[in-house]
Amino acid sequence: MAPLFLFVMSGIKHISSIQNAEVRQLEHWNRKSRDRRKSGKFVLEGMRELSLALQAGYQPEKLYFCPEIIEQEVIREMPGLQGCPLVSLSAEVYSHLAYRGKTEGVIALMQVKPHRLEDLKLPNNATFVLVAEAPEKPGNIGALLRTADAAGLDAVIIADPRGDLYNPNIIRSSVGCLFTVQVAAASSTETLHFLKSKNIQILGAALGGSRRYDRVDFGLPTAIVVGTEATGLSPVWMKEADLLVEIPMRGAIDSMNVSVAASILIFE
């Protein structure tokens, strides 16, 4: 580890105690959804995720790095970090803050985005959107975002969200795809009005749907809507959907993981 005086000479603050007030604040932002929403900030970990966020126009407020893992020069060369304040962390402090066991020595304090429906930029035709109603598990949301990125969807809309999009588990499980896909969050009523105003057909995924998923015309501007694994789509979506579609189940159970079901429908 480089001597402390090198950090002082270069004007970079160094933190070596996990009791440091700044470290404790980062912990709160990382763990408490209420604190993230109130402050408008979130903690981002990892070089890949940071690079994707910067490309998406996210603004870093401060960047923390462990010099035993990554060199300061590597960080300084990243596009979008010019002028961003840097803080070095001891290996102990970094290990304490790091959400994942193996990362690249970088933790950034970022500003959130609003994720409004009106900010979505959709093509005039062949629009393809995924709507997830009230998803509860961060891992499922992350998986849905990965699929949306892989399939090149125009947007993902979280209807009636149960948490916030900057949960570390969502960022981790999406492998940064939260920053590569347009994402909006709104109520189901607002989302329905938005889709109908754009003349986007609404296909609701439901058991006992009126049509098999592989016999549907996906060539029209389309929104696929998936519900929770426990209860499926709520009555409002069942009623307002233009068509209810189903995936035939051949085994003993009558449902599958929501991210798996969404992947089947999206790639069809």
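Each residue in the stretch 50-91 was checked for being open to solvent by less than 20 Å² (accessible area, probe 1.4 Å), in contact with a Lys or Arg (Cβ under 8 Å, 6 or more places away or on another chain) and within 12 Å of MET110 (Cβ to Cβ), and 2 of them qualify.
Counting only residues that are within 16 Å of ALA159 (Cα to Cα) and of a type in the set (D, E, K, R), the stretch 185-244 holds 5 of them.
Out of everything in the stretch 38-49 that is outside any strand (DSSP E or B) and in contact with a helix residue (DSSP H, G or I) (Cβ under 8 Å, 6 or more places away or on another chain), what residue ends up being surrounded by the fewest Cβ atoms within 10 Å (Cβ to Cβ)? The extreme case among them is SER39. When the residues of the stretch 27-37 are filtered to those that are in contact with a helix residue (DSSP H, G or I) (Cβ under 6 Å, 6 or more places away or on another chain) and open to solvent by 30 Å² or more (accessible area, probe 1.4 Å), the one that is nearest to LEU109 (Cα to Cα) is TRP29. Remark: pairs (first residue in the stretch 205-219, over 23 Å from THR231 (Cβ atoms); second residue assigned to a loop (DSSP other than H, G, I, E, B); Cβ separation under 7 Å; 6+ apart in sequence or on different chains) = ASP214/GLU268; PHE218/GLU268. Scoring VAL183 on the criteria (1) without any contact (Cβ under 8 Å) to a residue 60 or more places away in the chain; (2) in contact with a Lys or Arg (Cβ under 9 Å, 6 or more places away or on another chain); (3) surrounded by 20 or more Cβ atoms within 10 Å (Cβ to Cβ) leaves a single failure, condition (1).
Looking only at residues in the stretch 92-119 that are among the acidic types (Asp, Glu) and over 30 Å from ALA223 (Cβ atoms), the one that is least open to solvent (accessible area, probe 1.4 Å) is GLU104. Just a yes or no: is a residue in the stretch 246-259 part of a helix (DSSP H, G or I), open to solvent by less than 90 Å² (accessible area, probe 1.4 Å), under 16 Å from ILE158 (Cα atoms) and touching an Asp or Glu at 6+ places or on another chain (Cβ under 9 Å)? Yes, some residue in the stretch 246-259 is part of a helix (DSSP H, G or I), open to solvent by less than 90 Å² (accessible area, probe 1.4 Å), under 16 Å from ILE158 (Cα atoms) and touching an Asp or Glu at 6+ places or on another chain (Cβ under 9 Å). Taking the stretch 62-153 and the helices (runs of 4 or more DSSP H) fully enclosed by it, the elements with 1 or more residues that are farther than 30 Å from ASN199 by Cβ, of a type in the set (A, V, I, L, M, F, W, C) and at pLDDT 95 or above are at 91-97. Tallying residues that are within 22 Å of the chain's Cα centre (by Cα) and among the aliphatic types (A, V, I, L, M) within the stretch 206-229 yields 4. ALA230 satisfies every condition listed in (1) closer than 22 Å to ASP160 by Cα; (2) out of contact with any Gly (no Cβ under 8 Å at 6 or more places or on another chain); (3) surrounded by 15 or more Cβ atoms within 10 Å (Cβ to Cβ); (4) aliphatic (A, V, I, L, M) except (3). The single condition among (1) free of Cβ contacts under 8 Å to residues at least 60 places away in the same chain; (2) open to solvent by less than 60 Å² (accessible area, probe 1.4 Å); (3) in a helix (DSSP H, G or I) that LYS239 does not satisfy is (2).
Name the residues in the stretch 96-131 that are in contact (Cβ under 8 Å) with a residue 24 or more places away in the chain, small (Gly, Ala, Ser) and closer than 22 Å to SER17 by Cα, would you? Passing the criteria: ALA98, GLY105, ALA108. Taken together, ILE202, ILE224, ILE266 contain a single residue that is farther than 21 Å from ARG146 by Cα and surrounded by 16 or more Cβ atoms within 10 Å (Cβ to Cβ), which is ILE202.
Of all the criteria given as (1) touching a strand residue (DSSP E or B) at 6+ places or on another chain (Cβ under 8 Å); (2) without any contact (Cβ under 8 Å) to a residue 12 or more places away in the chain, the one not satisfied by SER197 is (1).
The values are calculated or read from the model by the stated rules, or taken from the named source; none is laboratory data. What you see is a predicted model; the values in this text were computed from it and never measured. Here Cβ is always computed from backbone atoms with ideal geometry, including for glycine, and neighbour counts include all displayed protein chains. Surface accessibility is based on the protein's heavy atoms, side chains included, excluding ligands, DNA and RNA. Shrake-Rupley method; radii C 1.70, N 1.55, O 1.52, S 1.80 Å.
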